[in-house]
Structures are given as structure tokens and as C-alpha cells.
Amino acid sequence: MDSEAVFNEEWEEWDRTRDSFFVHALAGSAAGVMEHVAMFPADTIKTHLQAAHADGVMGRQRLHSVKVLVKQGGLLRLWRGAPGVAAACIPSHAAYFTVYEHAKEAFGANASGHHPIAAGAAGALSTTLHDAFLTPMDMVKQRLQLGQYSSVAACVRATVRNEGFSAFYRSYPTTVLMNIPYAATVVAVNESAKEVLNPSGEHDMWTYLLSGGIAGGVAALVTNPLDVVKTRLQTQGGVLNAVEIVGPAAVEAAELAPTYTGLRDTARKIYAKEGAAGFMQGAKARLALHTPSMAISWGTYEFVKNLLRGSEPTP
């Protein structure tokens, strides 16, 4: 295998002639953890903005509540729920790479030549299992971000008691429906950006960072409406902990019956109450989140992969 082919390797691919699955799984997990933890504060703000109107709290009130929470709990308050998400990234990414590689082989994507449809189908299939691992913790994360609960354990106990286990997967269909076009957009834009920024195809970290950032930003805007629906579905089980906002007392939020029953019902109610603009709630925050997130993810993956190979990443 020549050097150009090696360095032009897609970040998610597992080349059996060069790397073990361990290399790609560990590098991918590291990328996921770095991405989610580094950008968690931006994700917290995005969640507050997208949850606006769902419980009668307007967007500006949400931003004010974020400022109050930071004032009371310090900057670390913006990372509430981050450890759980970081832990969930490890099995979710391991599942993604395992299914992805087996599916590529089964669908014929590893045959000679270029097979983007087969590779895309493998990616879509692997995403469904990845989301199956991550969706429950994502729901817990968003409720912690809104201040509805004081800990992961408290959120899990209250959710199971008041809404049942199915609440953890209430947004799963919407999440999968969102992530399939998100992944497709990321791949298409990223590959196009790399062609423009680095026609030679040489290994260049700045190209991975910039093209990944551009791709993440475009994909974030395209799929924001579905992300709003997902956020409303995941955060509807409790109200914003008003006591946490106005004072330091540690109490749990009062529970409310779900107001949304699924993708279509949520979309219909958002449109009826807020119009088309409701689907772009938090779009700027999501753009600010996913642009650097994808840059961090791609950059971390390439760095760790080269480190495990025993070679120095090219700046």
C-alpha cells in the first residue's frame, strides 16, 4: 500500500493490512470523549435554547438561567452530566466500529473499487447501534443540563419511577432519523472540502481540522429541526428546577406528564405554537457546537491513530 493511499484513508475505515481493530476503536473512542467533553458547555447552552417554550420558559429566560447556574455553581456547572456521557462514548464507539467493519464486508464495500452506497449503508446500520447505546445517557444528560436533577442516579430513579424505562428511548427513532442525514452530510461536505483544501491528498492535520469543522457546521444546520424535536422529547419529563435557579437549595424538579408522544406529534405541536422558527431554536448554538466538535473529533482521531502506530502526526 503506497503512502498516498495510507494518508488518504478515511477516518472511520479499518484497513486490516495496517491496523488492528484496537487501534481504530481506541482512537475513535478517544475522539468521541474529547469531542463531547470539550464542547459540553456549548451543548448545555444549546439544550437550554432548544428546550425553550416546551415548559413555558422563553429563550432569553433560558440564557439568564444558564448565567445564574454558573454564578451559583461555577463554570463546572456547565459540565453537569459530562462524565456519564464520556463513559457512554466508549461502548457506543466500540459498537459503531465493530458493526461498521462487519457490515462493510457483508455489503461488499471492501471489494476493489469505490462503493460509496455500500459504505453508506454500513455507516447507517452502525449508527443505529451506536445511538442505541448513547440515547439513554443523552436523555439523562439533557435533563441534568437543564437543572431538573442533581445527579445521574437521581435522574434515572425518577425517570423509571414516573415514566418507565421506555422514556430512555422515547427519542430513539428521532435520533436515528436525525443522525443518518447528519452523517451523510458530514461525509459529503467533508470529502468535498478536503478536495478543495488539499487536492494532493497528503496527510495534513490542518486539513482534517478545517474540513471537519466545515462539515460539522453544515450538517448541524441541516438537521437542527430534528434535533429540536429530539430535545423536546427527551426533556419533557420534568420541569426546570426553579429552586436551583433562584437559590442553592438542593431539591428535585416536580414531574410533569409528557406533552409529546412522538416525532409527528412533537413536530405538529412545535409548528402550531411557534411556527417554522421553532424548529431553528438553538441553531446558532448548535452551529457553534458542531463546527469545533467535528474539528476536534477528526483531529483527535488522526493524532491518536498515528500515536498508536508509532509515528508522529504531520502538522
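The values are calculated or read from the model by the stated rules, or taken from the named source; none is laboratory data. Just so it is clear, the structure is predicted and the values come from calculations on it, not from any experiment. No Cβ is skipped: glycine too gets one built from the backbone with ideal geometry, and neighbour counts run over all protein chains shown. Each accessible area value is taken on the protein alone, full model and side chains, heavy atoms only, with ligands, DNA and RNA left out. Shrake-Rupley method; radii C 1.70, N 1.55, O 1.52, S 1.80 Å.
Among the helices (runs of 4 or more DSSP H) lying completely within segment 171-235, list those that include at least 2 residues that are in contact with a Lys or Arg (Cβ under 8 Å, 6 or more places away or on another chain) and without any contact (Cβ under 8 Å) to a residue 60 or more places away in the chain.
Values: elements: 172-197, 205-222, 224-235.
It comes to 172-197.
Of all residues in segment 106-134 being loosely packed, with under 15 Cβ neighbours inside 10 Å and assigned to a helix (DSSP H, G or I), which is modelled with the highest pLDDT? Show your work before the answer.
Initial filter on segment 106-134 (loosely packed, with under 15 Cβ neighbours inside 10 Å): 106, 108, 111-114, 116-117.
From what is left, the residues that are assigned to a helix (DSSP H, G or I) are 106, 116-117.
On the way: A106: 84, P116: 60, I117: 67.
The residue in question is A106.
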Qualifying residue in segment 265-275 (condition: over 21 Å from the mean Cα position of the chain (by Cα), modelled with pLDDT of 90 or more, among the small types (G, A, S) and open to solvent by less than 70 Å² (accessible area, probe 1.4 Å)): yes
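List the helices (runs of 4 or more DSSP H) that sit entirely inside segment 18-95 and contain at least 1 residues that are within 28 Å of T259 (Cβ to Cβ), small (G, A, S) and at pLDDT below 80.
Working: elements: 21-38, 40-51, 59-73.
Output list reads 40-51, 59-73.
Before we move on, is G147 closer than 20 Å to T231 by Cα, at pLDDT below 80 and buried (at least 21 other Cβ atoms within 10 Å of the Cβ)? Talk me through it step by step, then tell me what you get.
On the way: closer than 20 Å to T231 by Cα: yes; at pLDDT below 80: yes; buried (at least 21 other Cβ atoms within 10 Å of the Cβ): yes.
Yes, satisfied.
Do you know which residues across segment 29-46 are open to solvent by less than 20 Å² (accessible area, probe 1.4 Å) and under 19 Å from R143 (Cα atoms)? Let's see the steps before the verdict.
Kept after step one, since they are open to solvent by less than 20 Å² (accessible area, probe 1.4 Å), are these residues of segment 29-46: 29, 31-32, 40, 43-44, 46.
Result: F40, D43, T44, K46.
For every residue, the table says whether it meets (1) at pLDDT 85 or above; (2) under 30 Å from S150 (Cα atoms); (3) surrounded by fewer than 22 Cβ atoms within 10 Å (Cβ to Cβ).
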residue	(1), (2), (3)
V187	no, no, yes
N190	no, no, no
L197	yes, no, yes
G212	yes, no, no
P225	yes, yes, yes
Q234	no, yes, no
T261	no, yes, yes
K284	yes, yes, yes
H290	yes, yes, no
Of the criteria (1) farther than 19 Å from A220 by Cβ; (2) in contact with a Gly (Cβ under 6 Å, 6 or more places away or on another chain); (3) in a helix (DSSP H, G or I), which one Q148 fails: (3)
Hits in segment 128-169 - residues which are small (G, A, S) and touching a residue at least 24 places away in the same chain (Cβ under 8 Å): A132, G147, S150, A154, A158, A167
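Can you tell me how many residues in segment 293-303 are β-branched (V, I, T) and within 18 Å of E202 (Cα to Cα)?
At the first step, the residues of segment 293-303 found to be β-branched (V, I, T) are 296, 300.
With within 18 Å of E202 (Cα to Cα) added as a condition, the list becomes 300.
Total meeting the criteria: 1.
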